[in-house]
Amino acid sequence: MEWKRKDLIGLEDLKKEEIEIILDVANSFKDVSKRSVKKVPALRGKTVVNLFFEPSTRTRTSFELAAKRLSADVLSFDVSSSSVAKGETMVDTAKNIEAMKVDCFIIRHFVSGAPLIISQNVSASVINAGDGCHEHPTQALLDLFTVRERFGKIKGLRISIIGDILHSRVARSNIWGFKKLGAEVIVCGPPPLIPKEIEKTGVKITFDIDFAIENSDIIYLLRLQRERQKENFLPSLKEYSFLYGIDRERYEKIKEKAFIMHPGPMNRGIEIKSEVAEEERTLILEQVTNGIAIRMAVLYLTIGRKI
Amino acid sequence: MGILIKNGYLIEPKTGKEGNFDILIEDCIVKKIGKNIPSKGHKVIDCKNKIVSPGFVDLHCHLREPGREDEETIYTGSLSAVSGGFTTISCMPNTEPPLDNKVTVRFVYEKGQKSLCEVLPIGAITKNREGKELAPYFEMIEEGAVAFSDDGNCIMDSNIMRRALEYTLLHKKPIISHSEDQNLSKNGVMNEGFISTKLGLPGIPKEAEEIMVERDIKLAKLTGGRLHLAHLTTEGSVEAVRRNKKYLKNITCEVTAHHLTLTEDAVVGYNPNAKVSPPLRTERDRLSLIEGLKDGTIDCIVTDHAPHTFEEKESGFENAPFGIIGFETFLPLCLKLVDYGIKLKEIIYKITYGPARILNIERGFIEEGKQANIVIFDPDIEWIYTKDKIKSKSKNTPFLNWKLKGKVLYTIYKGNIIYSDLE
């Protein structure tokens, strides 16, 4: 199988084989970041634009480094939400930048579906760097990569995704990714934060975190946005932390060869206690490292498909 | 000289009369309905194999004037309406400023007089459509208001809703309720379910509608007031009306043509022209709406014509306003119901005499001596609804480039051919 897509919008549309291509290419790029000269000429002469309609430092930096290590020229463009109010639509914004002859847009948007709509209106590649509550495909790909590296496989593993599933694009992308590669997925969180009919994706639902952590190979914690309390999804952050946070006692209950993952940034003291975050059986920094290789692979495949 | 509609197949919903009849129109009125009327001196429209029906009556549309003339004006809305076969349209009060007093109601009424069809204003139930203080019903009726609604907003305060229904006992006009618990539907942009979960869009549960449908019916029972439920979309709502209509004579309800045609699947791909309020639901709901039409639970079909500019609709699914245009695709969408076992005469009833009865107006029928509002259409012509064909000022339709079956050929309003497809 060969990579043919111009864009990467989400993992829902991808075939298992396509995900595997990305993971394999990422594997070959991982070494680049370990060298003293961290650069290959794969995308020399290509221009990549970070178009962020929602602030993000970490994802943007990761994409920026990935593009630079492939020798692409990178431009970062922060579009405040007020430019929408100025009358320019997001498609206008993208078309204007495309008129300067760029090869790829990396788009983060607070509205679900924005990267898809832009991708239908520009001929440059579009990579979704997170849209609303929809998908965050490169996050899930780096998670898959990290798990595959640690366990040597994904098929047959059991992953529990814990927290605010309703608002999480990371959860959605991971559900598609892990299901497609043959893992069993459990979602766990307070009932108001479990979206309706999520079981139709093939996941199991539990509200009991102790059951989830005692029976999983990967415990994937989501970041809890503090605003959720004001919106009455939770009585209090303290109660959330008590019900769904990982403390020392819960950490001791995880399976012997299990690992904790988190997409960052961590809310220390809420979904994870500080003393646990530093523990050996967390893969949090590895995820960040692997993010570069995954994003290099995605840039290379989408932009490079024409080469 | 008059207009003679010859050889057409007449479907007359008030009397149930059906068959090949000629109709002679003179001086705005229907002079004669009969067989083989001599054509001497008249302008003859040959209607062989065509259907002749009363002009359609829409009791739910948005014409945007005053305030949003960039989206639609009363005139452009009426042009869109007559091209879809309508001769009477009733417009909602959510304009800027709203139709909550005699001045704005009069404004719409007068603009309507200068447009291409009859435009009947619906006044607001409460001042500024805020659901807090009752609006002045009687002065609005004096200036032409035919019903009252805060459409787009639900009256969340049950006591205000009760009072509004009580006043219908005096003024006899229906209260058209946009039944939706707006705390439950808050922030929602589509039906809540697997598709909203997949797309990461905030959902609106069916219960948001059903809770308020049940409440409104209970208040109608309490007060004896005249309640009309706008745009039902769920199986539960249809069942609630069916159950209560058996003994309550003061409730009626409507369904839109798009809820009879589309489901939430249309949202996949974040199509902003599939964003409507209330939202498109599931196939099961859609079929229950058709069932409700069949057994008489649902009284009429409406357009909920809601024009919006391209810029507003293209601002991302979550930001885009709710609503689609509906006059021009209405007939072909309604005709699809034939495939579900609804007879053509039943369909015509639900888009002419049915809605007219709800407003208690002398419209929606063809009768000798009465105003000649007539539409002639061919149910079999297939055509493609392309952008250049759109008459409305706005183009927000999910049916763009659809192949549609059934076409309006002539619309006659007050005895004049106000629209013909042969132009």
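Nothing in this text is a laboratory measurement; each read-out follows from the coordinates by a stated rule. Bear in mind the structure is a predicted one, so any value in this text is a computation, not a measurement. Positions of Cβ are backbone-derived with ideal geometry, glycine not excepted, and every protein chain shown enters the neighbour counts.
Annotations
- Compared with the direct C-alpha span, the chain from B:ASP421 to B:ASP157 gains 90.3 nm at full extension, assuming 0.36 nm per residue.
- Sparse-neighbour loop sites [trypsin sites (Lys or Arg not before Pro); the range B:107-183; at most 13 other C-beta within 10 Å; DSSP]: B:LYS114, B:LYS132, B:LYS172
- Residues in the range A:215-235 that a label on A:ARG58 would reach, taking backbone N under 11 Å of a point 7 Å out along Cα→Cβ: A:222-224
- Compactness of the protein assembly as shown as Cα Rg over 2.2 N^0.38 Å, two decimals: 1.11
- Range of Cα positions in the range A:52-174 per principal axis (Å), largest first: 48, 36, 25
- The trypsin sites (Lys or Arg not before Pro) of the range B:35-71 that meet both conditions, a loop assignment by DSSP and at most 14 other Cβ atoms within 10 Å of the site Cβ, are B:LYS35, B:LYS40, B:LYS48.
- Across A:LYS155/A:LYS255; B:LYS275/B:LYS343; B:LYS102/B:LYS132; A:LYS46/A:LYS179, pairs whose alpha-carbon gap is larger than 23 Å: B:LYS275/B:LYS343; A:LYS46/A:LYS179
- Each residue of chain B gets 126 Å³ once the volume of the Cα convex hull is shared out per residue.
- Dividing the helix sum by the residues of chain B, where each DSSP H run of 4 or more adds -39500 (n - 2.57), gives a mean residue ellipticity at 222 nm of -8000 deg cm²/dmol.
- A straight line joining the Cα centroids of the range B:366-423 and the range A:181-219 runs 53 Å.
- The ranking of A:VAL74, A:VAL37, A:VAL288 from fewest to most other beta carbons within 10 Å of each one's beta carbon is A:VAL37, A:VAL288, A:VAL74.
- FRET E, pair A:ASP24, B:GLU239, Förster distance 35 Å, beta-carbon r, rounded to 0.05: 0.05
- Remark: spin-label model distance B:THR309-A:SER274 equals 5.3 nm, labels positioned 7 Å along the Cα→Cβ axis.
- Size descriptor, Kirkwood hydrodynamic radius, that averages inverse alpha-carbon separations across the range A:111-163, Å: 13.1
- The alpha carbons of the range A:137-285 give a radius of gyration and a Dmax of 14.0, 42 Å, in that order.
- Compactness relative to 2.2 N^0.38 Å, alpha carbon Rg of the range B:342-423: 1.26
- Reciprocal of mean inverse Cα separation for the range A:92-134 (Kirkwood radius, Å): 10.3
- For the options B:GLU118, B:GLU72, B:GLU291, a Gaussian network treatment of chain B with springs between C-alpha atoms closer than 10 Å singles out B:GLU291 as fluctuating the most.
- Hull shadow area, averaged, the range B:165-242 [alpha-carbon convex hull, nm²]: 5.4
- Stretch in chain A that is longest and holds no GluC sites (Glu not before Pro) that DSSP places in a loop and that have at most 16 other beta carbons within 10 Å: A:89-196
- For the range B:1-60, the Cα-based Rg and Dmax, in that order, read 11.9, 41 Å.
- Residues whose amide H comes within less than 5 Å of that of A:ARG158, counting only those at least five positions distant or on another chain, are A:GLU184, A:ASP217, A:ILE218 (H built at 1.01 Å from N in the peptide plane).
- With the largest listed first and rounded to whole Å, the semi-axes of the equivalent ellipsoid of chain A from the Cα gyration tensor are 32, 23, 17.
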